[in-house]
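Accompanying notes for the structure given below.
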Amino acid sequence: MTTPSTQQLMQTMQGASEHLSVSDRREFLRRGMSYVAGAAAVGGTTIASAASLTSNLPPNEPQWGRQLGTGVVENPYGLPSRHEAQVVRRTVPWLTAESISSISMSPIQDLKGIITPNGLVFERYHAGVPDINPDEHRLMIHGLVDNPLIFTMEDLMRFPSVSQIKFIECPANGGMEWRGPQMEALQFTHGMLSCCEWTGVPLKVLLDAAGLQTEGKWILAEGADGAHMSRSIPIEKVLDDTLVVYAQNGEMLRPEQGYPLRLLNPGWEGNTSIKWLRRIEVGDKPWHHREETSKYTDLMADGRARRFTFVQECNSVITSPCPENPILRKGFIEVEGLAWTGRGTIKGVDVSFDGGVSWRPAKLKGLVLDKALTRFSFTTQWQGEPWLIQSRAYDETGYVQPTLAQLREQRGVNSIYHKNSIHTWQVAPTGEVKNVQIT
Amino acid sequence: MFKSLKLSFSATLVASVAAGAISSVTYAQEYNIGASASAQEIAGWDIDIRPDGMGLPVGSGNAVDGEETYETFCASCHGVFGEGEGRWPVLTGGEGTLAEERPVKTVGSYWPYASTLFDYIRRAMPFTAPMSLDDQQVYDITAYVLYMNDIIEEDFELSNENLAQVSMPNEDGFFVDDRPDVSNPRCMVDCADPEKMMLQSSLAGVTPIGHFVEGADAPASSHSGQHDLEASKEADRKASITGEEIVAPVAKKAVAMSAAAIAGEATYKAACGVCHTNGLAGAPKVSDAGAWTQRLQQGTDLLITHALEGYAGNAGYMPAKGGRADLSDEAVTNAVLFMVESQH
């Protein structure tokens, strides 16, 4: 008998598992993966016996306890365990023409707490990721200011720094589902969402240094990338909480997040947080550039469109269970999820198990911060009953996350952006979870 | 990284600094950080245009001259008539569709200001070579796109004097954000009638969901994977019509590439791949061996000449160096060799 290739084994297993339930399938594939590993390890003519599957379990001493591991600085910049290789950003290729101007989603189904690791923060850009030498990067401030200034990165890092935990979300998050559900996984329904601790300087400090003139009512922020991405921001926001940031989660920005410098407009649509920031111009009127007219405007049912729809309204989603995290066992279960609002802090989250007929308050856990992801939890028992589970967040302004029917009634289905409606997962008696909408 | 200044203190120096520090440290409010931006520095970067015409450079252009410029730099993605190739943006048509079920948002049907067109072309187009057009070309292309949308006449001389007066059909179609526009009471019991609830399930087959299978990933979860998937679906469709058996592609043997071809890969990725990965404007896809058979028979030298000088014919259209005039001849040649040797 010849040894089957890993690929052949995988195909056989996938084929054989197709009729199984999700929980069965997970178990089957887990066993199968060990087969593959075992066969590869012995390199023999037969598939490794079932006994080898449990050789690392009690009462046996596991393999890794009987040998040495790798030494320090084997990876000078550490990497996740190879057993976590499935936790990656993913894209929906049919959304855009080209990967250079596209979007990837964070695997929020696999993340814990409220901080998104830097390598998993969702990506969105319009001309690829530029490779910028920070020594040759400048930030220019001009227009309606007394003293136009130009800053080096070293200059900017001399200012007193601030660090704040803020979410950043693409306004198109969930936008593929205005007409109906079509994404079979949480990563694609809600993954244009991340949350980091950002470090930098309030833009107000820099404008003060340049001498902001009273006629200055708007700024134009512009990137140094090939798209020269540009957005108009009203001065009220800038003077309130806009930051110019150079670091995220303790290290310098990642190239795909704007290295070496980006704008951060907390709670506002991600596109306004211009990456690779090179220029701020102060003016008395908005610029009406492409990304605030042709794009990032919300078309209503009557053919008119909202513009300058900056704020990301209160939203939430259950991250476990979800299509990627089916319920594997009956009994105790913690239903968990994320809530966020661009209007301040999350006040509370309710969960429903019957499609929104009745609701029960969930518990907020961990840090509850202004314009940051907030984690909620509801512990219960599951005995195989079908669920239609939903979460509904409300924020400090009293705004309650709406239903999809309410949004559609007000806006129609063509606005693409700002769909923050209550989301429904259908849990089958097998524990399998599907994305559905209730109408 | 940014720091080049090396500091070293001797013990005595530290002592003397410490003695003076108590009286000299203050809480500075005046930062005095940053240099004055010169008028010349500002002029180089101040590229933005506003609807009132602020920022427009002195100059003019028209649709007659714009046609050729458009076809050279824009048509390969946006289509000869602005109809859009593949998933690239449609520039023309769509009038009266904004309230319809499938609205078509174009420059003519949706954009509120003509200034946006000049600004965007100048800052971001053409896609593969932003900031490479001169003001004359930007005026010409802007005029041509407005002309294709029946907004100006073919011979209208568009200039910094009159662009702000060009009136766009949908200028009044926008209003400022008035959210929150819905109010959902925080109901806790009997919030909906279960009898009237309808359940709608997700469409099957459009989600790249390979991550459900441990250790695997969906072939379609990348842009190149999507093209492979579409190609295989097309092969299935043809096979179902002709009854031919699908022949699984034979795995290519790895052949060592020349040093020049290896060097060309970076240029390919940064410049050529936009068209040659997806087959835009008739470009032969690197992954499509069949598209290269005839081309390779013509000899590599001719392919290099076409890449350097441009090509227009039945097979497709390619501007000189793919529109990337900034690339050296050597870089383009190496990229061609990379594509050619990828066929071996």
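So for A:135, A:225, fewest C-beta neighbours within 10 Å to most, what's the order? Walk me through the numbers on the way to the answer.
Numbers: A:135 12, A:225 21.
By the 10 Å Cβ count, ascending: A:135, A:225.
Determine the dipole magnitude for segment A:286-344: charges of +1 sit on the beta-carbon of Lys and Arg, -1 on that of Asp and Glu, nothing else is charged, the reference point is the Cα centre, and the result goes in debye to the nearest 20. Before the final figure, lay out each step's value.
Working: 8 positive and 8 negative charges, 20 e Å.
About 100 debye.
Classify segment A:102-306: rounded, prolate or oblate, from the alpha-carbon gyration tensor (a ≥ b ≥ c, eigenvalue square roots; a/c under 1.5 rounded; otherwise prolate if a/b is larger than b/c)?
Details: a/c = 2.00, a/b = 1.31, b/c = 1.53.
It comes out oblate by the Cα gyration axes.
By per-residue mean of other Cβ atoms within 10 Å, what is the highest-first order of A:337-348, B:191-202, B:87-98, A:182-193? Write out the running numbers ahead of the final one.
On the way: A:337-348: 22.4, B:191-202: 12.6, B:87-98: 18.1, A:182-193: 24.9.
Going from most to least packed, we get A:182-193, A:337-348, B:87-98, B:191-202.
For peptide A:299-309, compute the average count of partner chain beta-carbon atoms within 10 Å of each residue's beta-carbon. Could you put the intermediate results ahead of the total?
On the way: counts 7, 5, 2, 3, 10, 7, 9, 7, 6, 4, 4.
Going residue by residue through A:299-309 and averaging, the value is 6.
With axes computed from alpha carbons, what is the tilt in degrees of helix A:22-42 against the longest principal axis of chain A, rounded to the nearest 10 within 0 to 90?
70
Please order B:172, A:298 by the number of other Cβ within 10 Å, starting at the fewest. Intermediate results must be reported in sequence, preceding the final value.
Values: B:172 10, A:298 22.
The order, fewest Cβ neighbours first, is B:172, A:298.
Ordered by packing density, taken as the mean number of other Cβ atoms within 10 Å over each peptide's residues, highest first, how do B:173-182, A:415-424 rank? Don't jump to the answer; show the numbers that get you there.
On the way: B:173-182: 15.1, A:415-424: 23.9.
Result, highest mean first: A:415-424, B:173-182.
Could you tell me which residue out of A:140, A:203, A:180 lies farthest along the dipole of segment A:80-207 toward its positive end? Charges go on the beta carbon: Lys and Arg +1, Asp and Glu -1, centred on the Cα centre.
A:180
Averaged over B:43-49, how many beta carbons belonging to a partner chain fall within 10 Å of each residue's beta carbon? Don't skip to the answer; put the middle values down first.
Numbers: counts 0, 1, 10, 7, 4, 11, 3.
Per-residue shielding by partner chains comes out at 5.
What 222 nm value per residue comes from the helices of chain A, counting each DSSP H run with n ≥ 4 as -39,500 (n - 2.57) and dividing by all residues, nearest 500 deg cm²/dmol?
Values: 7 runs with 66 residues, N = 439.
Here the helix-only value at 222 nm equals -4500 deg cm²/dmol.
Mind running the shape call on segment B:259-341? Use the C-alpha gyration tensor, a ≥ b ≥ c as the square roots of the eigenvalues: rounded below 1.5 for a/c, prolate if a/b tops b/c, oblate otherwise. All intermediate terms of the calculation are to be shown ahead of the outcome.
Numbers: a/c = 1.32, a/b = 1.17, b/c = 1.12.
It comes out rounded by the Cα gyration axes.
Need one word for segment B:136-175: rounded, prolate or oblate. Basis is the Cα gyration tensor (sqrt eigenvalues a ≥ b ≥ c); a/c below 1.5 gives rounded, then a/b vs b/c decides. Provide the component values of the computation, followed by the final result.
Details: a/c = 2.10, a/b = 1.64, b/c = 1.28.
Prolate is the answer for segment B:136-175, as a/c is 1.5 or above and a/b outweighs b/c.
Is there a simple number for the mean count of other chain Cβ atoms within 10 Å of the Cβ of residues in B:190-202, and what is it?
Values: counts 2, 10, 9, 1, 5, 0, 1, 7, 3, 10, 9, 9, 14.
Per residue, the number of nearby Cβ atoms from other chains is 6 on average.
Hey, what angle do you get for helix A:6-17 against the long axis of chain A, alpha-carbon based, 0 to 90 degrees rounded to 10?
So the inclination is approximately 80 degrees.
Taking chain A as a Gaussian network, where each spring joins two C-alpha atoms under 10 Å apart, which residue of A:368, A:162, A:282 fluctuates the most?
Sorting by GNM fluctuation, first place goes to A:162.
Compute the signed sum of charges (Lys and Arg +1, Asp and Glu -1) over the other residues within less than 9 Å, Cβ to Cβ, of residue B:308. Mind showing how you got there, number by number?
Values: positive: B:321; negative: B:309, B:329.
Its environment carries a net charge of -1.
For a quick protection proxy, order the peptides A:68-79, A:257-268 by their average other-Cβ count within 10 Å, most packed first.
On the way: A:68-79: 7.1, A:257-268: 24.0.
Per-residue Cβ counts within 10 Å, averaged per peptide and sorted highest first, yield A:257-268, A:68-79.
Every number here is computed from the coordinates shown, using simple stated rules; none is lab data. Given the structure is predicted, the values throughout are model-derived calculations rather than measurements. Positions of Cβ are generated from backbone atoms using ideal geometry, with glycine treated the same way; all protein chains shown enter the neighbour counts.
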